[in-house]
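Reviewing the structure listed below.
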Amino acid sequence: MTIAESRSRVVSSFTIIKGSLIEETYEAFSCWDFALSKTENLYRIRETNSIGAKSQHWLRDVVFVLSRRFNPGRARPTAR
């Protein structure tokens, strides 16, 4: 198990405080391109603000939480 895999199972207070992010997650997955990597998709979301975040700070936090919470392989059915 790599460090990234072991950290993906850790729940931090930061991600709990951010809440469910249902709307933001829906928006992120509505424009997710499975031909791109997770990193590329998150970069694109951050660059274009495709989730409609009200501030750069919130956008940064949402992208961070999405990065921690979702594995594109396992989340693919959710994104459809």
| field | Per-region count, region 52-80, residues open to solvent by less than 20 Å² (accessible area, probe 1.4 Å) and at pLDDT 80 or above | value | 7
| request: Give the residues of region 41-72 that are in contact with an Asp or Glu (Cβ under 8 Å, 6 or more places away or on another chain) and at negative phi, sorted by residue number. | output: Asn41, Arg44, Ser50, Ile51, Ala53, Val62, Leu66
| task | Mind counting the residues in region 38-63 that are free of Cβ contacts under 8 Å to residues at least 24 places away in the same chain and either in contact with a strand residue (DSSP E or B) (Cβ under 7 Å, 6 or more places away or on another chain) or of a type outside the set (Val, Ile, Thr) (or both)? | result | 14
| Residue count, region 12-34 (criterion: at pLDDT 85 or above and open to solvent by 90 Å² or more (accessible area, probe 1.4 Å)) | 3
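The values are calculated or read from the model by the stated rules, or taken from the named source; none is laboratory data. Note that the structure is a prediction, hence the values are computed from the model and not measured. In this analysis, Cβ positions are derived from the backbone assuming ideal geometry, glycine residues included, and neighbour counts consider all displayed protein chains. Accessible surface areas use protein heavy atoms only, side chains included; no ligands, DNA or RNA. Shrake-Rupley method; radii C 1.70, N 1.55, O 1.52, S 1.80 Å.
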